[in-house]
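The values are calculated or read from the model by the stated rules, or taken from the named source; none is laboratory data. Everything numeric here is computed off the predicted structure, so don't read it as measured data. Every residue, glycine as well, gets a Cβ built from its backbone with ideal geometry; the counts of neighbours run over all protein chains shown.
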Amino acid sequence: MNKLDLLKLARQNLWRRKLRTILTVLGVLIGTTSIVVMLSLGIGLRESQRKSMESWGSLTMIRVQQGMAFDNEGNPLGEAKRLNDEAVAEIKAIEGVIAVSPAYDVGGEARLGRKRGGLQLIGIDPEVMDQLEFKAEQGRLLKKGDRNVIVVGSQVIYQFHDESERRKMERGMMMYEDPRSRQQKDPAEMLDQRLSMIMQNGPEKKKNYNFMVVGILEGERNEHSYQAYAPIDDIKKMRDFTRGGSTQRGIGGSGREAVLLARSGKTVAAKKGSSSRDTANDYSFILVRTGKVEQTREVSKTIKDKGYNCWSMADSLEGIEKTSRTVQAVLGGIGAITLLVAALGITNTMIMSIYERTKEIGIMKVIGATFTDIHTLFLAEAGMIGFIGGLFGLGLSYGVSKIINHLFQNYLNRGMPAEEMMSISLIPSWLALFALLFSVVIGLVAGLYPAHRAVRLSPIRAIRNE
Amino acid sequence: MSALIEIKGLTKKYRLGQEIIIALDNVDLTIEEGEFLCILGTSGSGKSTLLHIMAGLERATKGEVLLRGVSLTKMKEKKMAGFRRKYLGFIFQSYNLIPSMTALENVALPLVFDGVNKKARFKRSCEILVQLGLQHRLKNKPTEMSGGQQQRVSIARALVNNPKIVFADEPTGNLDSKTTEEIMKLLKEKVNKTGVTLIMVTHDLELANYGDRVISMRDGKITKIVNNKEGCRDEKKAE
C-alpha cells in the first residue's frame, strides 16, 4: 500500500467522526501545551538566572575571602586560614587555576578635576590583570611595571559630582543617579585624567595619592562597574598610611613580594614564622581565575577544602540550577500527566473506532489488505491525532508563552535595557521539536494496542451477515 | 478446460461450547477454470465454510486446497492477502461496501491496497462501473443507492482487479426477484465474457440453476453434483 494513500485514508477515517477526533486531538493539544509551557518556564527561569549571573560576574572567577569556610549545614570547615603569600602560592598550585592575584581594597573620597566622589579602589597584581577576565572598553588594562595608574569601571564617572550638582543633591533636587546627568556624562571623559584619592590617618593627617586613568572597563552592570583598579603596591602604601604605618613593622611581606611569589608558585617557607603571628598585612581577598567554567566549581571546592572562605558565581549558579532542575521536573511532571491522560484518550478513541469499523476492517482484509496494512492504518490514525494535537499544542504554547512573558514583563524587566530583557517562559527549538516528536510517539504508542486488535479481528466474523 | 482448484479431503471442525461441530467432512472437489459453479445447501450445510476456506479467509482443520497446484491451506497470511488482492474477488449478500466512501472509491479500494496509483485506479474503476451501468452513481455513497445498485458496485469491486476467481456468497439474498434476475444475468454474462471462474453459494435451487454445475451440500458433505452445461442434465450421485 502506498504511503500517501495510507495517510489519506487515515485522514479520511479520522474526519468521519469529526467531533470525536477533535475532542481527542484537544486532549493531546492540552497535554502538549502543558508540557511545553511548563518546561519553558523552567528553561526560562534557568536562562534568565544564568544571564543575570553572567552579567554580574564571570563564571570563571573565584574570590577567596578572609574568614572561615563553612559547609552546607553551616559547620566550620577547619580553621580560618590567613590570606597571605603562602595562601596565594597554595591556591596558585591548584590544578585548573590559571591566574591568581592578591588584592587590597581601600575606599575613600576622590577628586576628578573639580568633581568629587566616593570610590572603592582595589589593588591587584597589574601583570595578571588581563588574565583575570578584565576587558578594557577604552584605553588599556594595567600592565607590568605600572605605577600610579588606574583603570576604572564604566560607571565610576557617575559617582563624581561638581559643586552645583552636590548642592542640588543636598536639597533633594537631584537624584544621586539622575538619568539626566547620566546623559551628560561619558565614561570616556575620565580617560587620561588625573584622579586623586584622599587618604586620612587620624583627624589631621591627610595625604593625596594621584593616579592617571589609563583605561575604562567594559560592562555596565557587573561587579567591576563601580570600582577602580590600581597596582597592588600603590594601594598597599595607601592602606599602610591609613593604618598608621604598619609597614614600619615590616612583617608579612610587601605586595610586590606576594606578586612575585604568586607568579613563581613557590611556597613561602622562609616567611612562615613571622607571617603567622601578624595578620595586619593579610590581603583583603585573593582573586582566582580558572581555565573553564566547568572547572570553577571543582577549584572552588578544593579551595574550601583547604580551609579558605571563597565565593564564586559558579557556586551560586549550581544551587540555582539544582533548584530550577527540580522546578522543571515538577512542572514537566504535571505536563506529562496531562499528556498521559491524552494518550489514554487516543487509545479509547481508537478502540471505539475499531468497534464501529469492525465490518469495514473485515472487508478490507477480504479484498486484500495485509495485516501490515491494517496495523499501519490504525497506527497512522493514532499518530495523526498525536501529530495534529502536538502541532496545535505547540502553536498554543507559543501563544501562552508570549502571554506569560507579556504579563510578567513589567514585573521582571523594569528599567532593563533591551538586550538584557529576560523571558520567564522560553521555548527553544529543541523543545518545540521534542514536543512534536513526543506527541507523535505518544499517539503511536497509544495506537499500538488498538492496531493489534484490529489486526486480530477475524474477517469472517467481521463480515458475517447480521 | 483445466482444473483450477482441487480440494482434497477438506475437513473443518468448530468447537461451539462443549460441542464439536463438523462444518466440512472430508470434502473432495475439482473446479474447472472459467466455470460458474453453484454450491447449494441449507444454512449449516457447510457451503459458506467451504467458500471461506477456498478464499483463504478461514483455516481448514485437515485437508488441502490447491490452486493450480499451489496449496492455499499452507499459505502464510501475508502472501494470502496479496493473493486475494491479485486473483480473487468477493461479492457478499449484504454488499459490504464501505459506507464513508463513494461508489468509485469503494471499487478502487482493492487497487489502493495493491499500490496502484490514483489516476490508474480511478480510470479502471470508472470503466468497470460504466460497464455495469452505474455511470450516474460514481460519486454516490452506498446509502444513496438502491440494493441492486449497491450490489453492482460490489460486483464492480470484485472485478476491478481482473480476478481469476470470484466468490459470491448469496449475492441476491437481500434483493427482490426482479433485481435478482438482473444481477444473476449480469454475473452469468461476466463469466461468459471474461472467462472468470465464479463460485456462488446459495440456498435457492432456482438461482443455483444459473450455474454450469450445481453442487448440493448437506451436513458438511457433497451430496449431489448436477452438470447443466451443454443442456445435458446427467445427474450424478456423489459417493
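Cβ-Cβ distances below 9 Å connect the following pairs, each with a first residue in the stretch A:365-376 that is more than 7 Å from chain B (Cβ to nearest Cβ) and closer than 13 Å to A:Asp5 by Cβ, a second residue that is part of a helix (DSSP H, G or I) and not hydroxyl-bearing (Ser, Thr, Tyr), and a separation of six or more residues or different chains: A:Thr376/A:Lys3; A:Thr376/A:Leu6; A:Thr376/A:Ala10; A:Thr376/A:Ala451. One residue alone among A:Glu321, A:Glu381 is surrounded by fewer than 17 Cβ atoms within 10 Å (Cβ to Cβ), in contact (Cβ under 8 Å) with a residue 60 or more places away in the chain, farther than 30 Å from A:Asn84 by Cα and not hydrophobic (A, V, I, L, M, F, W, C), and that residue is A:Glu321. Would you check if B:Phe83 is facing another protein chain (nearest Cβ under 10 Å) and assigned to a strand (DSSP E or B)? Considered against the rule, which asks whether it is facing another protein chain (nearest Cβ under 10 Å) and assigned to a strand (DSSP E or B), B:Phe83 comes out as no.
When A:Arg82 is tested against (1) assigned to a strand (DSSP E or B); (2) modelled with pLDDT under 85, exactly one condition is not met: (1). Tell me whether the stretch A:450-458 contains one or more residues that are more than 30 Å from B:Gly173 (Cα to Cα), at pLDDT below 95 and surrounded by fewer than 18 Cβ atoms within 10 Å (Cβ to Cβ). Scanning the stretch A:450-458, I find at least one residue that is more than 30 Å from B:Gly173 (Cα to Cα), at pLDDT below 95 and surrounded by fewer than 18 Cβ atoms within 10 Å (Cβ to Cβ), so the answer is yes. Would you mind finding the one in A:Leu45, A:Leu6 that is over 30 Å from A:Ile404 (Cβ atoms) and either away from every other protein chain (no Cβ under 12 Å) or surrounded by fewer than 20 Cβ atoms within 10 Å (Cβ to Cβ) (or both)? After applying the criteria, what remains is A:Leu6. In this structure, does A:Leu14 turn out to be within 14 Å of chain B (Cβ to nearest Cβ) and either over 21 Å from A:Ser439 (Cβ atoms) or modelled with pLDDT under 80 (or both)? Judged against the criteria, A:Leu14 is not a match. Contact annotation: residue pairs with Cβ atoms under 7 Å, 6 or more positions apart or on different chains, pairing a residue in the stretch A:392-410 that is farther than 25 Å from A:Ile22 by Cα with a partner that is of a type outside the set (Phe, Trp, Tyr), are A:Ile404/A:Ile424; A:Ile404/A:Ser425; A:Asn405/A:Ser423; A:Asn405/A:Ile424; A:Asn405/A:Ser425; A:Phe408/A:Ile424.
Of these, B:Gln149, B:Gln135, which one is touching a Leu at 6+ places or on another chain (Cβ under 8 Å), of a type outside the set (A, V, I, L, M, F, W, C) and surrounded by 20 or more Cβ atoms within 10 Å (Cβ to Cβ)?
Going through B:Gln149, B:Gln135 in turn, the sole match is B:Gln149.
Checking each residue in the stretch B:88-119 for being outside any loop (DSSP other than H, G, I, E, B) and at the interface with chain A (Cβ under 7 Å from one of its Cβ atoms) picks out B:Phe90, B:Phe92, B:Leu109, B:Pro110, B:Val112, B:Phe113.
The residues listed here are B:Gly173, B:Gly195; of these, the one that is on the phi > 0 side of the Ramachandran plot and surrounded by fewer than 22 Cβ atoms within 10 Å (Cβ to Cβ) is B:Gly195.
Across the stretch B:28-49, the number of residues qualifying as buried (at least 22 other Cβ atoms within 10 Å of the Cβ) and farther than 16 Å from B:Phe167 by Cβ comes to 1.
Within the stretch B:120-132, being over 27 Å from A:Asn2 (Cα atoms) and either surrounded by fewer than 18 Cβ atoms within 10 Å (Cβ to Cβ) or within 14 Å of chain A (Cβ to nearest Cβ) (or both) holds for one residue alone: B:Gln131. When the residues of the stretch A:189-208 are filtered to those that are acidic (Asp, Glu) and out of contact with any strand residue (DSSP E or B) (no Cβ under 7 Å at 6 or more places or on another chain), the one that is surrounded by the fewest Cβ atoms within 10 Å (Cβ to Cβ) is A:Glu204.
Scanning the stretch A:326-334 for any residue that is buried (at least 21 other Cβ atoms within 10 Å of the Cβ) and small (Gly, Ala, Ser) turns up nothing. The condition of being at pLDDT 85 or above and in the same structural domain as A:Ser423 (by TED's automatic domain parsing) holds for only one of A:Ile122, A:Ile98, A:Ile94, A:Ile30, that being A:Ile30. Restricting the first member to the stretch B:144-173 and to residues that are more than 26 Å from B:Ala3 (Cα to Cα) and within 13 Å of another protein chain (Cβ to nearest Cβ), and the second to residues that are modelled with pLDDT of 90 or more and part of a strand (DSSP E or B), the beta-carbon pairs closer than 6 Å and six or more apart or on different chains are B:Ser154/B:Ile91.
Listed here are the strands (runs of 3 or more DSSP E) enclosed by the stretch B:132-239 that have at least 2 residues being over 24 Å from B:Ile53 (Cα atoms): B:235-237. Only one of the numbered conditions (1) closer than 22 Å to B:Thr202 by Cα; (2) touching a residue at least 60 places away in the same chain (Cβ under 8 Å) is violated by B:Arg59, and that is (2). Note on the stretch B:55-72: among residues that are of a type in the set (Val, Ile, Thr) and surrounded by fewer than 18 Cβ atoms within 10 Å (Cβ to Cβ), the one that is farthest from the other protein chains (Cβ to nearest Cβ) is B:Val70.
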